[in-house]
Amino acid sequence: MSHSSPVFHKLDTQKASLNWIKTFLGVDEGSSSAEDNVILGLCAANNPKSDMLTFVQSPKGLELSTLSICAAVICQEKLAAQMPDGPVVIIVENPQQSFAALARELYPDSLGNRRVETGISQFSIVDATATIEDDVTICAGAVISAGVAIGAGSFIGANATIGENCQIGRNTSVGSNATVQYALIGDDVSIHPGVRIGQDGFGFVASNSGLEKMPQLGRVIIQDNVEIGANTTIDRGALSDTVIGEGTKIDNLVQIGHNVVIGRSCAIAAFAGISGSAKIGDGCLIGGRVGISDHITLGNGVQLAATSSVMNDIPDGEKWAGTPAQPFKAFFREQATLRRLAKPNKA
């Protein structure tokens, strides 16, 4: 028995002609009759597909001749002469950025959580005191508690739970099985399935009888245009609030402790752990499996290599790596010295 491949995101065919694409990308070179053709979709340059559009950011590791079957290739001007005959060449300054913008436009339903339902399901539970604006989707099994406010155009996935008095802005998406409590969430936020927001932080006080719980009384504040990956956890504050700054993107399986403050436009990769009361500046890049100790301050623009263990404050703009983390130059100098020492002595 044969099975056709499922189509998860339908191409917007009204916007799929090469002429429309060039106009969208701001490319106003002379056009040919071939550019009236309609592309069938988007593909990767290392896996080209017939009659599809791709991009080349760098030719490294690519066999460019294989792109001849594509309908079009987006690239920089310096690479145009290396493109094979066949595809229309669309020249832009930043191919990857242009390709991503085009993909968002052609496949709008790929953004955030997939909306397979519209309206408020009869199988959801919505408290009578909740305020729900127009065009909100609430899927089956979702629970909207007392005093919740949800802005227009937002989406609450199946079996998600929104706790009492939480506020969710406009055009925000909460994935299936996510839980949100003690939280204020802005506009255009994407919360993927299984995320936990607003649970108690890891706060205990040592006593003669053992560890006694410190009550957690703060909130989680998530500003506009934040994305939070699947199964990430963000603890509520103990006395102050946990804050995620505007435009920050958080990968899957990240742990953010109580009272953490993260600035704007940061990127935090999977398995990172940020301990309580750490402060992260704007524009920081935090690699996978990074661990940041409590009460640490990172300045603006700090970059941390994967698996780094941060136990000291880091000034603006610095790049650190290692366990314990240290500036890149010191880390690589130390590694080079260890390699030299580890080499066997020659007879």
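The values are calculated or read from the model by the stated rules, or taken from the named source; none is laboratory data. All values reported here derive from a predicted model rather than from experimental measurement. Here the Cβ positions follow ideal geometry from the backbone for every residue, glycine too, while neighbour counts run over all protein chains shown. These accessible areas exclude ligands, DNA and RNA; they are computed on the full protein's heavy atoms, side chains included. Shrake-Rupley method; radii C 1.70, N 1.55, O 1.52, S 1.80 Å.
To the nearest 10 Å², what's K213's accessible area with a 1.4 Å probe?
110 Å²
Taking all protein chains in place and a 1.4 Å probe, what share, in percent, of the accessible surface of the chain do carbon and sulfur account for? Walk me through the numbers on the way to the answer.
On the way: 9390 of 18330 Å².
Its accessible area is 51 percent carbon and sulfur atoms.
Viscosity 1.567 mPa s, temperature 4 °C: give me the Stokes-Einstein translational D for the chain in µm²/s, with Rh taken as the Kirkwood radius over C-alpha pairs. Before the final figure, lay out each step's value.
Details: Rh = 23.2 Å.
In µm²/s, the coefficient is 56.
Using Cα pairs under 8 angstrom and six or more residues apart, how large is the relative contact order of the chain, in percent? Display every interim value, and only then the final one.
Working: 940 pairs, mean separation 21.8, N = 347.
The value is 6 percent.
Can you give me the distance in nm between label points at E77 and L111, each placed 7 Å from the Cα along the Cα-to-Cβ direction?
3.1 nm
Between S209, S277, S110, which gets the highest mean-square fluctuation from a Gaussian network model of the chain, Cα cutoff 10 Å?
S209
Exceeding 21 Å between C-alpha atoms, which entries from my cross-link table qualify? They are K15/K49; K78/K329; K10/K60; K213/K279; K249/K279; K49/K249.
On the way: K15/K49 19 Å; K78/K329 33 Å; K10/K60 31 Å; K213/K279 23 Å; K249/K279 16 Å; K49/K249 31 Å.
Over 21 Å apart, Cα to Cα: K78/K329; K10/K60; K213/K279; K49/K249.
If I model a spin label at A100 and N312 as a point 7 Å from the Cα along the Cα→Cβ vector, what separation in nanometres do I get?
Once both label points are built, they end up 3.3 nm from each other.
What does the charge dipole of the chain about its Cα centre add up to, to the nearest 20 debye, if the Cβ of each Lys and Arg holds +1 and the Cβ of each Asp and Glu holds -1? Don't skip to the end; give the middle numbers.
Numbers: 25 positive and 34 negative charges, 335 e Å.
That gives the chain a dipole magnitude of about 1600 debye.
For the chain, modelled as a Gaussian network with Cα springs under 10 Å, which listed residue fluctuates most, S173, S65, S17?
S65
In nanometres, what is the gap between the two model label sites at K343 and E133, each 7 Å from Cα along Cα-to-Cβ?
Between K343 and E133, the simple spin-label model gives 6.5 nm.
So what does F55 come to for accessible area, using a 1.4 Å probe and Å² rounded to 10?
So the heavy atoms of F55 present about 50 Å² to solvent.
Under a 1.4 angstrom probe, counting protein chains only, how are M83, M52 ranked by accessible area, largest first?
Numbers: M83 20, M52 45 Å².
Ranking M83, M52 by accessible area, largest first, yields M52, M83.
Between A81, A269, A100, find the one with the highest GNM mean-square fluctuation for the chain; connect C-alpha pairs within less than 10 Å.
A81
Charges only on Cβ, +1 for Lys and Arg, -1 for Asp and Glu: so what's the dipole of region 58-215 about the Cα centre, in debye to the nearest 20?
On the way: 8 positive and 16 negative charges, 75 e Å.
The calculation lands at about 360 debye.
Just the accessible area per residue of region 240-294, please: how many Å² with a 1.4 Å probe?
Details: 1910 Å² over 55 residues.
For region 240-294, the per-residue accessible area is 35 Å².
In Å³ and rounded to a whole number, note down the convex hull volume per residue for the Cα atoms of region 64-131. Could the numbers behind the result be given before it?
Values: hull volume 9.2 nm³, N = 68.
Each residue corresponds to 135 Å³ of Cα convex hull volume.
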